[in-house]
1. Which of (1) assigned to a loop (DSSP other than H, G, I, E, B); (2) of a type in the set (Lys, Arg); (3) within 28 Å of Ala48 (Cβ to Cβ) is the odd one out, the single condition Arg392 does not satisfy?
2. Scan region 169-196 for residues that are at pLDDT 95 or above and of a type in the set (Gly, Ala, Ser) and jot them down.
3. Being in contact with an Asp or Glu (Cβ under 6 Å, 6 or more places away or on another chain), part of a helix (DSSP H, G or I) and over 12 Å from Tyr116 (Cα atoms) narrows it down to one residue among Ala15, Ala48; which is it?
4. So which of Lys77, Lys6 is farther than 22 Å from Pro152 by Cα, basic (Lys, Arg) and either at pLDDT 95 or above or buried (at least 21 other Cβ atoms within 10 Å of the Cβ) (or both)?
5. Could you list all residues from region 302-344 that are touching a residue at least 12 places away in the same chain (Cβ under 8 Å) and of a type in the set (Ser, Thr, Tyr)?
6. Leu407 passes all but one of (1) within 15 Å of Ala245 (Cα to Cα); (2) hydrophobic (A, V, I, L, M, F, W, C); (3) modelled with pLDDT of 90 or more; which number fails?
7. Kindly indicate which of Ile380, Ile369 is in a helix (DSSP H, G or I) and touching a residue at least 24 places away in the same chain (Cβ under 8 Å).
Amino acid sequence: MEELEKREVIALFIANSFLFFFQGITKYIYVPLVTPIENSFEVGSTEAGLLITLVYLGYALARFPSGILADIFGCPKVIAGTGILMSGSLLLVGISPNFLAMAIFSFIMGASTGLYVTAGYSYSVILGQDRFETVSTALLETFGGISGLVAPLFVVLIWETLGLPISALFFIMAAGALLASLIFIWLAKKNNLLDAESRQQGGATGKSASLADVWPKVKGTVAILKEPAINRFIIWSTLVGGFGAFAIKGFESFIPSFLHNLGGYSFSNANQLFAIVAISGLITKMAVAWAADKFGSKRILFVFYIFNFSLFFYLTTAPGHIGVIATLILFGITFKSHNTVINSYVLKVMPKEYQGTGFGLFSTLYTAIYSAGAVFTGFIADQTGSLVIGMRAAVIGVVIAFVCLALFRVFVKIQKLKAAGGRP
């Protein structure tokens, strides 16, 4: 099979990017939906936070298997299958008759996006090989970032402006994900990327392989566990990144609800203000990445955690309109770049032979920890009867992350890590 033409590569990239957008919005949509969910199902903050936790937990548990499936069947087949699965799970969430059903289907939906995302991300790199590898990765992440901006505005449009039930949101997203999946499948079939014979090395096929070919990669996970220096680094980075993100997710999940219920803003204005976080993150992400390269990722994380510790308390003291806007802008910088900084640092330090399995293991554990942030905040809020106390309690994650960051040399034996091929 000949190499794909440039226009075919671009078409496949765009179709994959739209699926990446929908996997992003499935997670971002729940935060502005906290108040509607509480009203529709007559539940408290604990239950609303639980839905967010379940989505991210499903996502976390499915990310590593996604990479294995992509190696066995090829990226195009995994993207096609999981795109349809994502659409179906969104439909199931939309038709949920009660909260329990919505919780179960939300977990399945999170898992479907996790099964897609590693294959989808990898395929964007494959499509960009020798053409626009760096640009393709940045563009794909931009699609994911835009979903964070669209989500609160979409909720306002459907639930408040048009007065439609929250199920309508999920029906529309299901239709969009299905359309993007069918377009991708059509393009893939057109270029014979879904055929069993499609085994071109590299290029734009995202080749399939036999289980015998992939098994050594799967065994790589076990090999990592035999390297104490690598283990200690994974534990350290998981604690720092996981608990830092635990605090972020726990606090961020209730910002629109706080602004609406306690800040004096209408539901519409609260969610429009919340969109500032996504806008700020999109605008400043590249600058933060440059700063991390220039001054060191650990230094940037120290600054992030100091800012977050202060801002968590400042926002919940009702600082006035200008203060709210300024705080949300700063949150956008620290919240939306946190993942980028910790992920890039782990990939930089991890020995090349362990990057795939090592980063996959880190990502799974890291996401599993921070997925609990939302339900933790909601639980504390319900138990104390105060959303402010619940949101401030999330700062415990920042404290744990800060302490672990400061204890880097205690957790990580630098010389042994270097001996194992790491680059701290």
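1. Of the numbered conditions (1) assigned to a loop (DSSP other than H, G, I, E, B); (2) of a type in the set (Lys, Arg); (3) within 28 Å of Ala48 (Cβ to Cβ), the odd one out for Arg392 is (1).
2. Ala174, Ala175, Gly176, Ala177, Ala180, Ser181
3. Exactly one of Ala15, Ala48 is in contact with an Asp or Glu (Cβ under 6 Å, 6 or more places away or on another chain), part of a helix (DSSP H, G or I) and over 12 Å from Tyr116 (Cα atoms), namely Ala48.
4. Going through Lys77, Lys6 in turn, the sole match is Lys77.
5. Tyr305, Tyr314, Thr316, Thr327, Thr334, Ser337, Thr340, Ser344
6. Of (1) within 15 Å of Ala245 (Cα to Cα); (2) hydrophobic (A, V, I, L, M, F, W, C); (3) modelled with pLDDT of 90 or more, only one is false for Leu407: (1).
7. Ile369
For (1) in contact (Cβ under 8 Å) with a residue 40 or more places away in the chain; (2) over 21 Å from Ala188 (Cα atoms); (3) under 21 Å from the mean Cα position of the chain (by Cα), each residue gets a yes or a no:
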{"site": "Ser45", "(1), (2), (3)": "yes, yes, no"}
{"site": "Tyr56", "(1), (2), (3)": "yes, yes, yes"}
{"site": "Leu100", "(1), (2), (3)": "no, yes, no"}
{"site": "Gly110", "(1), (2), (3)": "yes, yes, yes"}
{"site": "Gly120", "(1), (2), (3)": "yes, no, yes"}
{"site": "Gly148", "(1), (2), (3)": "yes, yes, yes"}
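The values are calculated or read from the model by the stated rules, or taken from the named source; none is laboratory data. No experiment lies behind these values; they were computed from the predicted model shown. A quick note on method: Cβ atoms are made from the backbone with ideal geometry, for glycine too, and the neighbour counts reach across all protein chains shown.
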